[in-house]
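Remarks on the structure that follows.
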Amino acid sequence: MSLESWISGTDSILKETKNPYSGGCIFVIGILAFCVFGSIASLFFGVLFLTGEDKLFPGFGFFFCISLVTIFIITMRSYRKASHIVKTIEIRTNTSLLSLRETGKSDVELPLSEFISYMVLFRAERSSSTGTSINTNSTWKYWDLYLVYRDGSCILLETFRDGNSLKQGLEFFKTKLPLPVLDRSDLRLTSPESKDIPHKQDPKKIEPSSWVRTESKDQGTKIEIIEPKSIGRTFITLLVPALFYGAWFTVVNSFLENFENMIFLIFLIPFSIFFLGITTVMTVFILFRKTEVVANSLELKLRYSTRIPILNSLLYKERSIPLSSIRNVRTIRMEQDNQILCVALKSSNGFKQRTFLDFLYNVQGVNLSAKQLPGDVELLGIITLGSWLPKGPGYSDLVYAENVLESVLGLREESLTFSDLAPSTKK
């Protein structure tokens, strides 16, 4: 989160990012926390299960510890398989192109002349640490510096921990890419100063990968980005619900053993409804959720359902967005390695997100409100990609899907300017 990670050359500046989860402190701490302590706890509960009269509680404790260790091993093994992946962002002044590259994926090139602004966003994340005698809560502050494309797409350029570093970063980037600055934080750095950036070279065409699938459907085109499948991921999908339902059954059993005391029912019934409700929502809408995107020359259809056929009749939902309501189709590369395909709406067409299913089908899974630009009535996430996967779709697939949707819709996107982002700068 500093300029030290950027390499400056005569005709370009670039930054290479390696998988932060494939080694280092996180890997060592994970091994100590999950493998060592998990193994000790598993041995403890295993001995209780074999020697004690009570079998249920120590049995679940043993299963819980073994499951956590297994999930950690599968997850870290997946990250280790992705340890060779390098993500590169490069600003090339000799060709006037921004290049986004990722190992094993197609390159994405964008003309520097099509970017309209830098955008500064502030975010805070709370973290807590527990000591031997005191608990401390702290808030980490971040200033994210984005590049804004003419259609409103955002690309995270760098993250800073203080305002002075951000100011230095802006000076550094503006020497290569002299764009105006839109400050949406508390530093008041908004500035319309810029220079014309010439168009020197056309970007190369994006080639779709095997993870992108298009087909004709319902007098339109269905586009799908396939999620990678693996035995480990399937095992975790089955294991996580088993842990939650097993915990509920263990707690309920402990209540029933003291059933003569009816006061336990006051806690048992609300606990069961609340706990099972959260577990069911997590299982169905996070692990088995499915989104289908179909476009034609008149509208964009988003169909939300689950991979559990018996529930589709109850949980199926379709949202139709007329072409007249669509402002832009955008791709966003944001903090925490989230990459999202979005649609920005200029009118809601009378749609109000107030139903229970609208809340559950929060398809993007991350907060996009800060990326909403002036003139956007709604910014709706369509497809979200996981990061640092050993195999699977990448950012280039989202950009390709964006281009396909715009072509099928025949969408005339609004070409934004800095004045659209910061109306007060208009003369």
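The values are calculated or read from the model by the stated rules, or taken from the named source; none is laboratory data. On a predicted model such as this, the values are computed, not experimentally measured, just so you know. Note that each Cβ is placed from the backbone with ideal geometry, even for glycine, and that neighbours are counted across all protein chains shown. Each accessible area value is taken on the protein alone, full model and side chains, heavy atoms only, with ligands, DNA and RNA left out. Shrake-Rupley method; radii C 1.70, N 1.55, O 1.52, S 1.80 Å.
For the reader, a short list of remarks on this structure follows.
- Links that overshoot a 32 Å alpha carbon limit, given the list LYS87/LYS229; LYS87/LYS141; LYS346/LYS391; LYS87/LYS317; LYS176/LYS391: LYS346/LYS391; LYS87/LYS317; LYS176/LYS391
- Accessible-area ranking of SER324, SER12, largest first, probe 1.4 Å: SER324, SER12
- Summarising the amide proton neighbourhood of ILE326: residues at separation of 5 or more, or on other chains, whose placed amide H is nearer than 5 Å comprise LYS346.
- At R0 = 35 Å, FRET efficiency that the Cβ-Cβ distance of THR17 and THR51 yields, to 0.05: 0.10
- Ranked from largest to smallest solvent-accessible area, with a 1.4 Å probe on the protein heavy atoms, ASP183, ASP202, ASP107 come out as ASP202, ASP107, ASP183.
- Estimated vicinal HN-Hα couplings, Hz - the range 194-206 in sequence order (Karplus 6.51, -1.76, 1.60; Gly, Pro = x): 7, 10, 5, 10, x, 8, 9, 8, 6, x, 6, 6, 7
- Per-residue HN-Hα couplings for the range 368-385 [Karplus 6.51, -1.76, 1.60; θ = phi - 60°; Hz; x = Gly/Pro]: 9, 4, 5, 8, 6, 9, x, x, 7, 6, 7, 10, 10, x, 9, 10, 10, 9
- Heavy-atom SASA rank of VAL181, VAL36 (probe 1.4 Å, accessible area, largest first): VAL36, VAL181
- Straight-line cross-link partners of LYS55 among the aspartates and glutamates, defined as a Cα under 20 Å from its Cα and at least 8 positions apart when in the same chain: GLU257.
- Accessible area (Å², 1.4 Å probe, nearest 10) - MET334: 10 Å²
- Averaging over all projection directions, the Cα-based convex hull of the range 100-251 occupies 17.5 nm² in the image plane.
- Of (1) 25.0, 82; (2) 21.7, 82; (3) 21.6, 66, the label for Rg and Dmax of the Cα atoms in Å derived from the coordinates: (1)
- Label point distance in nm, LEU238-LYS290, each placed 7 Å from Cα along Cα→Cβ: 1.9 nm
- Rounded to the nearest 10 Å², the accessible area of TRP211 at probe 1.4 Å: 60 Å²
- For the chain, the antiparallel share of DSSP beta bridges with both residues in that region comes to about 95%.
- Span-like helix criteria (full DSSP H runs; alpha carbon extent of at least 24 Å along the helix axis; mean Kyte-Doolittle hydropathy of at least 0.0) are satisfied in the chain by 56-81, 231-256, 263-282.
- The helix-only estimate of mean residue ellipticity at 222 nm for the chain, built from DSSP H runs of length n ≥ 4 each weighted as -39500 (n - 2.57), is -10500 deg cm²/dmol after division by the residue total.
- Rolling a 1.4 Å probe over the protein heavy atoms leaves ASP144 with an accessible area of roughly 0 Å².
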